[in-house]
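Have a look at the structure below before the remarks.
The values are calculated or read from the model by the stated rules, or taken from the named source; none is laboratory data. Being a predicted model, the structure only gives us computed values, none of them experimental. Neighbour counts are summed over all protein chains in view; Cβ atoms, including those assigned to glycine, are modelled from backbone coordinates with ideal geometry.
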Amino acid sequence: MTIDWNAFTPWHALAGGAVIGIAAAMFLLLNGRIAGISGVLGGLLKPVRGDIAWRAAFIAGLVGAPLLYALVTELTRPQIDAGYAALVGAGLLVGIGTRYGSGCTSGHGVCGISRLSPRSLVATAAFMAAGFVTVYIARHLIGA
Amino acid sequence: MAALFALLAGAVFGIGLIVSGMANPAKVLGFLDLAGDWDPSLAFVMAGAIGVGVLAFAFARRRTVSLLGLKMRMPTNTALDRRLLGGSLLFGIGWGIAGFCPGPALVALGMGEQKALVFVAAMLLGMGLFELFEMRSKPLPNARA
C-alpha cells in the first residue's frame, strides 16, 4: 500500500463529513428519522400514504444540492470512469443489495455506526470488504 | 413542515457529499483501491460524519418525539442474518464496480451527469425488483389462513 498524497484531501474530507453528520443530525432531531438514502428512496417505490412528501423532499434536496453549491463556488465535474454496461450492472447490485441489506453508506455507515448498532457495524464491514475486493479484482487482477 | 425540513436535510447532506469529494466516483474508488495508490479521504469523511452523528444520536436516545413533535422512528430489527450480510455484500460489489453509492449518485445526477442518470435508473430498477421479490415471497395478508 502506498498513500496517494496528491489525491488525499483530509481537511475537505473531515469538513464535508461533519456537514454530512449535521444533515443526519437535523433529520434525526427534527424529522425523527434515520438519514439512510437507500431507505428514503426505496420507500418511494412502495408508497405509503402520508409518507411520500418528506421522502420526495429529501431526495429533491440531494439532487438539488449541486445547484446550491454552484451559487457559492465553482463545481468540479465528477470523474465517472465506469462504462455504461458496468454502470447498469453496478446500479442493479446497489439497488437490490441496499434494500436487502436495509441500508447503504449513509444509513448503516454513518447513522448506524453513530448509534452503535451491531447490524450496521456488520453491514458496513461487509460492504467495505466487498468494495475492497471488487476494486482489487477489477484493477489488479483483470485490469493488470 | 416535515417535508420542508427533509428538503433542507437532503440539501445539506448533498453539500457535505460535494465538499468531502465523495460525489466523485474516482475519489471513492481511490479509497477502495488498497493495493494501488491509496486515497484515505473516505475514512476521514466517515470520521467527520460519525463524530457529529454520535453526539446527535446520544442526545436523541431518550426522546420519543422529535423537536418538530414527530414520532422518533428508529430501526427495531436486530437480526444479524443472511439478508443483511448478503445484501450488504451485493451492495459493496456494485459500489466497487462504479464507485457510486446511492447518495453520491443522486448528487451527480443533480450535476447533470448522464452516466449518473444511467446508474440511478438501474439502481431504481434494482430497488423495484426487490419490492417485486418481496411481494412474491410473502403471501398477501388476507390470503393467510
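Within the stretch A:53-78, residues that are within 14 Å of residue B:112 (Cα to Cα) sit with their Cβ atoms under 7 Å from residues that are charged (D, E, K, R), at 6+ positions apart or across chains, in these pairs: A:78/B:113. Residue B:12 meets the conditions (1) over 15 Å from residue A:31 (Cβ atoms); (2) buried (at least 22 other Cβ atoms within 10 Å of the Cβ) in every case but one. The failed one is (1). Of the residues making up the stretch A:4-18, one or more are within 24 Å of residue A:95 (Cα to Cα) and at pLDDT 95 or above. Condition (residue is more than 7 Å from chain B (Cβ to nearest Cβ), acidic (Asp, Glu) and under 19 Å from residue B:14 (Cβ atoms)) applied to the stretch A:45-52: is it met by at least one residue? Checking the stretch A:45-52: not a single residue is more than 7 Å from chain B (Cβ to nearest Cβ), acidic (Asp, Glu) and under 19 Å from residue B:14 (Cβ atoms). Is it true that some residue in the stretch A:26-34 is without any contact (Cβ under 8 Å) to a residue 12 or more places away in the chain, facing another protein chain (nearest Cβ under 7 Å), of a type in the set (A, V, I, L, M, F, W, C) and surrounded by fewer than 18 Cβ atoms within 10 Å (Cβ to Cβ)? No, every residue in the stretch A:26-34 fails to be without any contact (Cβ under 8 Å) to a residue 12 or more places away in the chain, facing another protein chain (nearest Cβ under 7 Å), of a type in the set (A, V, I, L, M, F, W, C) and surrounded by fewer than 18 Cβ atoms within 10 Å (Cβ to Cβ). Within the stretch A:1-42, the residues that satisfy the criterion of being farther than 20 Å from residue A:113 by Cα and not hydrophobic (A, V, I, L, M, F, W, C) are A:2, A:4, A:6, A:9, A:10, A:12, A:42.
Residue B:45 - would you say it is facing chain A (nearest Cβ under 7 Å), modelled with pLDDT of 95 or more and closer than 26 Å to residue A:26 by Cβ? So residue B:45 fits the description; yes.
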